[in-house]
1. With the requirement that a residue be among the acidic types (D, E) and either assigned to a strand (DSSP E or B) or surrounded by 15 or more Cβ atoms within 10 Å (Cβ to Cβ) (or both), what does region 309-344 give you?
2. Please tell me if E72 is on the phi < 0 side of the Ramachandran plot and open to solvent by 50 Å² or more (accessible area, probe 1.4 Å).
3. Give region 288-308 a look and list any residue that's in a helix (DSSP H, G or I) and more than 21 Å from P90 (Cβ to Cβ), or say none.
4. Pairs under 9 Å by beta carbon, first residue closer than 18 Å to G191 by Cβ in region 331-343, partner of a type in the set (D, E, K, R) and buried (at least 18 other Cβ atoms within 10 Å of the Cβ), six or more apart or different chains?
5. Where residues in region 170-198 are aliphatic (A, V, I, L, M) and within 14 Å of ligand 2 (Cβ to nearest atom), which of them is modelled with the lowest pLDDT?
6. Does G166 fit the bill of being surrounded by 21 or more Cβ atoms within 10 Å (Cβ to Cβ) and not polar (S, T, N, Q)?
7. Report, ordered by the first and then the second residue, all pairs with beta carbons closer than 9 Å, sequence separation of six or more or different chains, a first member in region 32-49 that is farther than 14 Å from A8 by Cα, and a second member that is of a type in the set (K, R) and surrounded by 24 or more Cβ atoms within 10 Å (Cβ to Cβ).
8. Which one is nearest to ligand 1 (Cβ to nearest atom) among residues in region 92-111 that are within 29 Å of A136 (Cα to Cα), buried (at least 16 other Cβ atoms within 10 Å of the Cβ) and not aromatic (F, W, Y)?
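The values are calculated or read from the model by the stated rules, or taken from the named source; none is laboratory data. Remember, it's a predicted structure, so these values are computed and weren't measured experimentally. Ideal geometry is used to build each Cβ from the backbone, glycine not excepted, and the neighbour counts take in all protein chains shown. To get the accessible areas, we keep the full protein, side chains included, count just its heavy atoms, and leave off ligands, DNA and RNA. Shrake-Rupley method; radii C 1.70, N 1.55, O 1.52, S 1.80 Å.
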Amino acid sequence: MTRGLVYAEPGVAPQLEEILLEDPGPNEVRVRVEACGVCHTDLHVIESGGWHMRFPILLGHEAAGVVEAVGEAVTHVAPGDNVVIAWHVPCGECRNCVRGDARRCANYLRGARRMRRVVDGAQLSPVLRTGGFADALVVHAACAVKLPAELPFEQACLLACGFSTGAGAALWSTPVQPGSSVAVIGCGGVGLAVIQGARLAGAERIVGVDTVTERLELALELGATEAVEAGAEVREIDFAFSAIGAPAGLVDAVRMLAYGGTACLVGVPPSGRTLDLDVEMDLFAKHATIAVTHGGDIVPQQDLPFLANAALEGKLDLQRFVTSTISLEDVPDALDALHTPTGVRTVALL
Ligand SMILES: [Zn+2]
Ligand SMILES: [Zn+2]
């Protein structure tokens, strides 16, 4: 029996139920899931009443596992390969892809809907085109990225979303140059991954900013050279990342910048908010740039093996990001626990 965590309709708590998988079609693969991280986006899907997706919804989007079967024309992975399932896969056809900027693809690839509920046969909509809280999945083959078998699944799955969002912001969205000064506002899981990415990029000064002492300590352990309470004055920063949703974080980031600096919004902001900036003094006089990242703007087939190898070489500390492991049955409680986060990442092991 193949189980999946299904959010069947608005207002009904997600439940584990039996699902059916069709065989993978051309350019699709079937993957047995071994691990899936518990990310805020799934909580957002539930709390926003489906996040504009069609019901019923298959939750999860931070999965790693083993390829079980491949459809026609799939050559880059084979049954038995360890893979991470990326949700941010450039289409190759939109204006940005065609002009050579796949990191800003506006139109991510998706496979056909191959997963159904057993109870009524309804097609499931997987979160971010992937799903993940299920024993097995069928996804577009380009989403399946082969990783070294030495990387444990509980670490590999983090590369699907949270970790690569943060590290990718510092490595690829607004590439930090060696010797730069960096500030990271918000040292939760994504902010800590920004710190790891900035360290890998060779930043000289990395300032972690948060309100929680425990997180500031983690920031120092993971590569920050300074840790300061939110509100403390920070200046002369080349790259300032706001890893909190609130727009005030981005305003703070801009005000920290040195001449010519870049501020980058990493978190998903609430809707309908504006920025309170002095356009002359905060932006023009400082020659400031404001950027955003969508999931680290990764090109998965090249970037995720790079991050995996950096972890295996000890240049990234993925293990430190896994603070607890749970079973698939415990995922609904773990999603609820995201309201009062204690660790960095909870990972479901299947
Ligand atoms: Zn594209
Ligand atoms: Zn996520």
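1. D317, D330
2. For E72, the condition - on the phi < 0 side of the Ramachandran plot and open to solvent by 50 Å² or more (accessible area, probe 1.4 Å) - is met.
3. So in region 288-308, the residues in a helix (DSSP H, G or I) come out as 295-297, 300-308.
Hits for region 288-308: nothing passes.
4. L338/D42
5. Quick first cut of region 170-198, residues aliphatic (A, V, I, L, M) only: 170-171, 176, 182-185, 190, 192-195, 198.
From the residues that got through so far, the ones that are within 14 Å of ligand 2 (Cβ to nearest atom) too are 190, 193.
Details: V190: 95, A193: 98.
Applying the filter and picking the extreme gives V190.
6. Details: surrounded by 21 or more Cβ atoms within 10 Å (Cβ to Cβ): yes; not polar (S, T, N, Q): yes.
For G166, the condition - surrounded by 21 or more Cβ atoms within 10 Å (Cβ to Cβ) and not polar (S, T, N, Q) - is met.
7. Hits for this filter: G37/R345; V38/R345; C39/R345.
8. Result: C105.
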